[in-house]
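*Asks:* For reference, the structure I am asking about is given below.
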Amino acid sequence: MGRRPNKRHGTANRPDPSRPRLYGRHAVYAALDNPARRLRKLTGTHEELGKIVIPDGLQVQVGDAQDLSRLVPMDAPHQGLVLEVEPLDQPWLDEILLDPDAEAPLVLLDQVTDPHNVGAILRSAAAFGARALVTQDRHSPPESGALARAASGALEVLPWIRVVNLARALDAIAEAGYWRIGLAGDAGATLAEALSPAPQAIVLGAEGEGLRHNSREHVDALARLPIRRSVESLNVSNAAAIALYAIASRPR
C-alpha cells in the first residue's frame with residue numbers, strides 16, 4: 001500500500017519547477033537587488049517585509065512562519081521570506097571567452113549534481129573573482145532555493161553557463177587562451193606546480209567518481225591538492241575554494 005501524501009507539502013504548494021522559490025534573507029535580498037532577475041511573487045512575515053524595499057508591481061502576500069514553511073522543503077530555514085522567480089537568462093560561453101582575464105579564472109564542474117555543493121562553489125567563485133561557472137546542461141542541478149541559499153547571493157552575480165558537451169567547451173576554452181587544470185587526487189603534480197601565468201580554467205569532478213576520462217583528455221594538466229594521505233579527499237566545494245585561493249595568490 002502506498003504512502004499517503006504529506007499534507008504539509010501537498011500538491012497545492014508544490015513549486016513550479018520552471019519558477020524556483022528562493023528562501024532566506026541573503027538569497028532573497030540578492031534576487032530583489034538583481035535587475036536581471038524576473039520576480040513573480042514575494043511571501044513574507046510582517047516583520048521581514050517591513051525591513052525591505054519592495055519593487056513596484058511585485059505581488060506580495062503576508063503570512064506567518066507556518067504559512068511560509070508550506071512553501072519550502074521540510075525544515076528549510078526560510079527566515080520569513082520566500083520569493084518565486086523566473087530562472088536567470090544564461091550567457092553563452094562564447095560571450096565569456098571574448099575577453100579572457102588572467103585575474104579571473106573559469107570554474108568547470110564535471111557532473112557535480114548536488115545543489116548544496118554547486119551553491120557553495122558559486123559562493124567561493126564569486127568571492128575569489130572568478131569569471132564564470134560552467135556546467136553540463138544535463139548533469140547539473142537547476143536553480144532552486146537550496147542552491148541559492150548555499151550560494152548566499154552569488155547566484156545573482158556570477159554568470160552560470162550550461163553547455164551540452166563539456167569536452168567541446170574545454171576545447172573552446174583552450175582556443176581562447178586559458179590553461180586548463182583538472183583536479184585529481186592521483187595526479188603527480190600539485191596545483192601550485194601546475195599553475196601558469198595564463199588565464200586559468202579549473203575543472204572539478206563529482207565526489208567519489210572524480211573527473212571522467214574524457215574530461216582528463218581535454219585538460220592541459222592534472223593536479224592534486226597537497227592534503228595528507230590519511231584523508232582520502234575533500235568535499236568538492238572545499239576543493240574548489242582552495243583551488244581558487246591558490247589561483248588568486250599565485251605569483252604574478
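The values are calculated or read from the model by the stated rules, or taken from the named source; none is laboratory data. As the structure is a computational prediction, the values presented were derived from the model and not from experiment. Here the Cβ is made from the backbone with ideal geometry for all residues, glycine too, and neighbour counts use every protein chain on show.
*Asks:* Restricting to segment 54-106, name every residue that is among the charged types (D, E, K, R) and either touching a strand residue (DSSP E or B) at 6+ places or on another chain (Cβ under 9 Å) or in contact (Cβ under 8 Å) with a residue 24 or more places away in the chain (or both).
*Replies:* Within segment 54-106, Asp67, Arg70, Glu84, Glu86, Asp89, Asp94, Glu95, Asp101, Glu103 qualify.
*Asks:* Please work out which residue is surrounded by the most Cβ atoms within 10 Å (Cβ to Cβ), limiting yourself to segment 143-183 and to residues that are on the phi < 0 side of the Ramachandran plot, part of a loop (DSSP other than H, G, I, E, B) and of a type in the set (Gly, Ala, Ser).
*Replies:* So the residue we want is Ser144.
*Asks:* Tell me the residue from Ala241, Ala201 that is in contact (Cβ under 8 Å) with a residue 60 or more places away in the chain and either over 20 Å from Gln136 (Cβ atoms) or outside the structural domain of Arg131 (by TED's automatic domain parsing) (or both), please.
*Replies:* Being in contact (Cβ under 8 Å) with a residue 60 or more places away in the chain and either over 20 Å from Gln136 (Cβ atoms) or outside the structural domain of Arg131 (by TED's automatic domain parsing) (or both) holds for just one of Ala241, Ala201, which is Ala241.
*Asks:* Another one. The conditions are (1) in contact with a helix residue (DSSP H, G or I) (Cβ under 9 Å, 6 or more places away or on another chain); (2) not aliphatic (A, V, I, L, M); (3) not in a strand (DSSP E or B), and Ser196 fails exactly one of them. Which is it?
*Replies:* That leaves (1) as the condition not met.
*Asks:* With respect to His218, determine if the residue is more than 29 Å from Met74 (Cα to Cα) and free of Cβ contacts under 8 Å to residues at least 24 places away in the same chain.
*Replies:* Against the criterion (more than 29 Å from Met74 (Cα to Cα) and free of Cβ contacts under 8 Å to residues at least 24 places away in the same chain), His218 does not qualify.
*Asks:* Also, I was wondering about something else. Please specify each residue of segment 212-225 satisfying the condition of being farther than 24 Å from Ala102 by Cβ and part of a loop (DSSP other than H, G, I, E, B).
*Replies:* Matches in segment 212-225: Arg212, Glu217.
*Asks:* Across segment 121-137, which residue is surrounded by the most Cβ atoms within 10 Å (Cβ to Cβ) among those that are within 10 Å of the chain's Cα centre (by Cα) and outside any strand (DSSP E or B)?
*Replies:* In this case the residue turns out to be Ile121.
*Asks:* Now, a different point. Taking segment 51-77 as the region of interest, how many residues are assigned to a strand (DSSP E or B), under 14 Å from Arg21 (Cβ atoms) and either charged (D, E, K, R) or touching a helix residue (DSSP H, G or I) at 6+ places or on another chain (Cβ under 7 Å) (or both)?
*Replies:* Summing the residues that are assigned to a strand (DSSP E or B), under 14 Å from Arg21 (Cβ atoms) and either charged (D, E, K, R) or touching a helix residue (DSSP H, G or I) at 6+ places or on another chain (Cβ under 7 Å) (or both) in segment 51-77 gives 0.
*Asks:* Let me ask you something else. Taking segment 36-57, which residues are loosely packed, with under 15 Cβ neighbours inside 10 Å and more than 19 Å from Gly145 (Cα to Cα)?
*Replies:* The answer is His46, Glu47, Gly50, Lys51, Val53, Ile54, Pro55, Asp56, Gly57.
*Asks:* On to the next question. Would you check if there is a residue in segment 179-193 being basic (Lys, Arg), within 20 Å of Ala241 (Cβ to Cβ) and at pLDDT 95 or above?
*Replies:* Yes - at least one qualifying residue is present in segment 179-193.
*Asks:* What is the one condition in (1) within 30 Å of Pro159 (Cβ to Cβ); (2) in a helix (DSSP H, G or I); (3) modelled with pLDDT under 95 that Tyr29 does not satisfy?
*Replies:* If we test Tyr29 against (1) within 30 Å of Pro159 (Cβ to Cβ); (2) in a helix (DSSP H, G or I); (3) modelled with pLDDT under 95, just (3) comes out false.
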